[in-house]
Amino acid sequence: MATIAQPYAGTYPRPSRWEVIWEWITTVDHKKIAKLYLVTSFVFFILAGIEALIIRLQLARPDERLISAETYNELFTMHGTMMIFLVVMPLGVAFFNLLVPLQIGARDVAFPRLNALSYWIYLFGGILLTSSWLFEAAPNDGWFAYANLTEKTFTPGHNLDFYYVGLQILGISSLIGAINFFVTILNMRAPGMRIMRMPPFTWMVMVTSVLLFTALPVLAVDLILLMFDRAYATNFFNPAKGGEPILWQHLFWLFGHPEVYIMILPAFGIISEILPTFARKPLFGYPVVVLSGAAIGVMGWGVWAHHMFTVGLGAAANSAFATTTMLIAVPTGIKIFNWIATLWGGDLQMKTPLYFALGFIAMFIIGGLSGVTHGIVPADYEQHMTYYIVAHFHYVLFGGALFALFGGIYYWYPKLFGRMLDETIGKWHFWLMLIGFNLTFGPFHMLGLDGMPRRIYTYAANNGWGFWNMVSTIGAFTIALSILVFFWNVYVTSRKPADAPADPWDGRSLEWTIPSPPPEYNFARIPVVHARDPLWHQKLLRRYGRATGNDPLAQEPADEHIHMPPRSFYPIITALGLPLMGYGFIYQQDHKAFWALFAAGIIVLFLGAFGWATEPTE
Amino acid sequence: MATEVSATHAAHTSTGYDSRKLFMWTFLGSDCLFFGALIATYILYRGRSLTGPYPKDVFNIPYTSVSTFVLLMSSLTMVLTLSAIQRGDMRAFRVWTLATALLGCVFLGGQAFEFTDFVAKGLRPSTNLFGSSFFVLTGTHGTHVGIGVIMLLSLFGFSLTGRIRQESAIYVEMIGLYWHFVDIVWIVIFTLVYLTRV
């Protein structure tokens, strides 16, 4: 049913609880979907964070016996898998959803129902993966699940079945979303919004989307090979029949390396949005910044075997990948210099988003530098499989991606929720998180170089690792405290009236031209864009008396019928088919009767798809 | 001046291409990576099976050539399907849609027979590397064909109820793109797996 989006006066009855639930289940509004992703990823963040805290409790002292070795394997596997697939990636997608239509001047994404489908598949896939704990079969061979430890003979039980089924389902969500955002950015830009006028965040979404839809299929194949080896005794990773376990690694890291750029490029985009606003200067070197993002995306395909230096590929291969790895540091370094140049000479507004952006730059530089040291092959022989590697990726993923995401949350919170998060509490959050983060992961550099291996559930006292492990555990609980401070901020803010202005930060891009929160249709008039940073451009024109004619960004209601896509019940139905198929496939290996569950899943999937295809869309 | 502005109307796009067509092209691009990884796996393991049956023991090239020809002809009928709906000739559209689906089913039937024949000759997915990589690769391709057949039969059904009309040609074009892609993948597989053997 079409919504006639015109403001109307008078009172109207408050929606009932069921109407509200129905509204969220059937929404195709990108802004609501953004909220769904935000809330769901924070739930998984808490769960994956608790897994980390248990790990830290176990490792705080030598010879600790809080948990068994088997449970420890599940904990570090699930912590990594959940943080990557259920927290960092979906938090990024939350921002894709909120910002891409607004920044390009569109009213929604190209395929609103597919957008909702991506969310529901993520939710159900995440529930399936996490439910493995309840079935006492959480994945336990590392988030990278190296063959042939993952073969049924060596890892019996359903742990790995939950792994490949869960990731396959989650992959579908991301694949669909990536194509959706790619088409949206290419096809739904407002008049005058040329590619080189797009905000840097949307640019990074475009590159990330390409990485997603090219890299995920490779992981999908790897998971299929693993599925067949475990369920149907094929020989892809079976050395007895000539299979090569290293095939798993090649395919995994062909996905896995673009995956880390998938996680960091949106964060780079967020930083490129925050710094200019709070330095009150345009982004320094915009063309170079966005094109180096594209370069990182392309070059990211050429470095995968730097995760495999110690596997025995030979000196020629190792040298080649060491070279490409060194090279990929260049575009990243270029971005850092451009960000510093953006800040240089700026009129810095010391608000919470800027704190997180500055924290990002510092922490990401540290993580990037340790990454460059991994690229030196003989050095990597010392570092590989030690805590030095764990330090690196936490500095770039937590100190990098997560700090940027939090900065983005503080920056765009007023736009999405109509309220400004508290500045004082925000700064407490930042400092506690920064200190806690460095206490947790800084020591890992020392521990790793001192020889502490990864993935050990305990260690003897005479290694001398006890002190730094204890420091790290204290740091981990400090991080947890900072997250509680953040939730406190959210709570305190929710009690305030939703009266944030449209443009609280003197912003530069189109999302700040519409109310906070935006109306369902986003733009009363589709803006006409004449320059990069169109809002600053218009403000400066007005300030210097050069504005001629009508304001191309004006949002007075136009005399037009705005037609928004109607709500739909079918995305959630279609999505539901997948976990049914998933559980059915996992357990049919025990009892053939579970094929009925699998079949039921296919039926639900088809019913959803047919309902979708046949419902009215106008 | 009251104008009708729709968030979903496909009239104006920044590139000039219909978003739905762009979606299908992008999806097919990602599917290239998918089949690429499977084909790479097959080629990696080519000639490395420790025990037989080997390709020369099971392949029947004339038989599979006929099967390939059937699939290629289905691409021809797919083109005729699209041409029919673009002209508004719904009767011809239904004939050619059914023909394409039928040819697809013949191809799948041929594959099914081939698979049972190979199993009878002692080649299963679990037998050796050749069995594993062959069945997973061609089985994945066959699944893609099957999904295509379902989409074609849905088109046929919807055209009977009038839901698919001349204005819906874009959807036929999308399914046509998919169908041709699946055909091209088969040409690659037929060449690399059946014709150029170790």
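The values are calculated or read from the model by the stated rules, or taken from the named source; none is laboratory data. Predicted model only: the values in this text are computed from it and were never measured. When we count neighbours, we look across all protein chains shown, and the Cβ atoms used for this are built from the backbone with ideal geometry, even at glycine.
Observations, loosely collected:
- The residues of segment A:47-64 that are of a type in the set (Asp, Glu) and more than 22 Å from residue A:131 (Cα to Cα), listed by number, are A:63, A:64.
- Counted residues, segment A:192-210 - those being touching a His at 6+ places or on another chain (Cβ under 9 Å) and within 11 Å of another protein chain (Cβ to nearest Cβ): 1
- Residue in segment A:131-154 that is in a helix (DSSP H, G or I), modelled with pLDDT of 95 or more and either aromatic (Phe, Trp, Tyr) or within 24 Å of the chain's Cα centre (by Cα) (or both) present: yes
- Applying the set (1) in a helix (DSSP H, G or I); (2) crowded, with 21+ Cβ neighbours inside 10 Å; (3) within 14 Å of another protein chain (Cβ to nearest Cβ); (4) touching a Ser or Thr at 6+ places or on another chain (Cβ under 9 Å) to residue A:119 leaves exactly one unmet item: (3).
- Only listed residue being assigned by TED's automatic domain parsing to the domain that holds residue A:400, closer than 22 Å to residue A:394 by Cβ, among the aliphatic types (A, V, I, L, M) and modelled with pLDDT of 95 or more, chosen from A:298, A:260: A:260
- Filtered residue count, segment A:571-612, keeping only those that are touching a residue at least 60 places away in the same chain (Cβ under 8 Å) and part of a helix (DSSP H, G or I): 13
- Residue in segment A:539-549 that is among the polar types (S, T, N, Q), at pLDDT below 95 and assigned by TED's automatic domain parsing to the domain that holds residue A:112 present: yes
- In the set A:182, A:252, only one residue is more than 8 Å from chain B (Cβ to nearest Cβ) and surrounded by 23 or more Cβ atoms within 10 Å (Cβ to Cβ); that residue is A:252.
- Condition check for residue B:47: assigned to a helix (DSSP H, G or I) and not β-branched (Val, Ile, Thr): no
- Scope segment A:349-393; condition β-branched (Val, Ile, Thr) and either surrounded by fewer than 19 Cβ atoms within 10 Å (Cβ to Cβ) or assigned to a helix (DSSP H, G or I) (or both); matching residues: A:352, A:361, A:365, A:366, A:372, A:373, A:376, A:377, A:389, A:390
- Residue that is nearest to the other protein chains (Cβ to nearest Cβ), among those in segment B:149-198 that are among the polar types (S, T, N, Q) and surrounded by 17 or more Cβ atoms within 10 Å (Cβ to Cβ): B:154
- Subset of segment A:532-564 [surrounded by 14 or more Cβ atoms within 10 Å (Cβ to Cβ) and in a loop (DSSP other than H, G, I, E, B)]: A:532, A:533, A:547, A:551, A:552, A:553, A:555, A:558
- Just one of (1) in contact (Cβ under 8 Å) with a residue 24 or more places away in the chain; (2) touching a helix residue (DSSP H, G or I) at 6+ places or on another chain (Cβ under 7 Å); (3) more than 22 Å from residue A:82 (Cα to Cα) fails for residue A:242. It is (1).
- Checking each residue of segment A:566-581 against the condition of being at pLDDT below 90 and not assigned by TED's automatic domain parsing to the domain that holds residue A:348 gives no match.
- Of the residues A:76, A:96, the single one that is over 28 Å from residue A:20 (Cα atoms) and either in a helix (DSSP H, G or I) or over 15 Å from the mean Cα position of the chain (by Cα) (or both) is A:76.
- Of the set (1) surrounded by 21 or more Cβ atoms within 10 Å (Cβ to Cβ); (2) of a type outside the set (Lys, Arg); (3) touching a Phe, Trp or Tyr at 6+ places or on another chain (Cβ under 8 Å); (4) facing chain B (nearest Cβ under 9 Å), all apply to residue A:247 but (1).
- Candidate set from segment B:111-148 (those that are facing chain A (nearest Cβ under 8 Å) and among the aliphatic types (A, V, I, L, M)); member that is surrounded by the most Cβ atoms within 10 Å (Cβ to Cβ): B:129
- Of all residues in segment A:506-517, those being crowded, with 20+ Cβ neighbours inside 10 Å and assigned to a loop (DSSP other than H, G, I, E, B) number 5.
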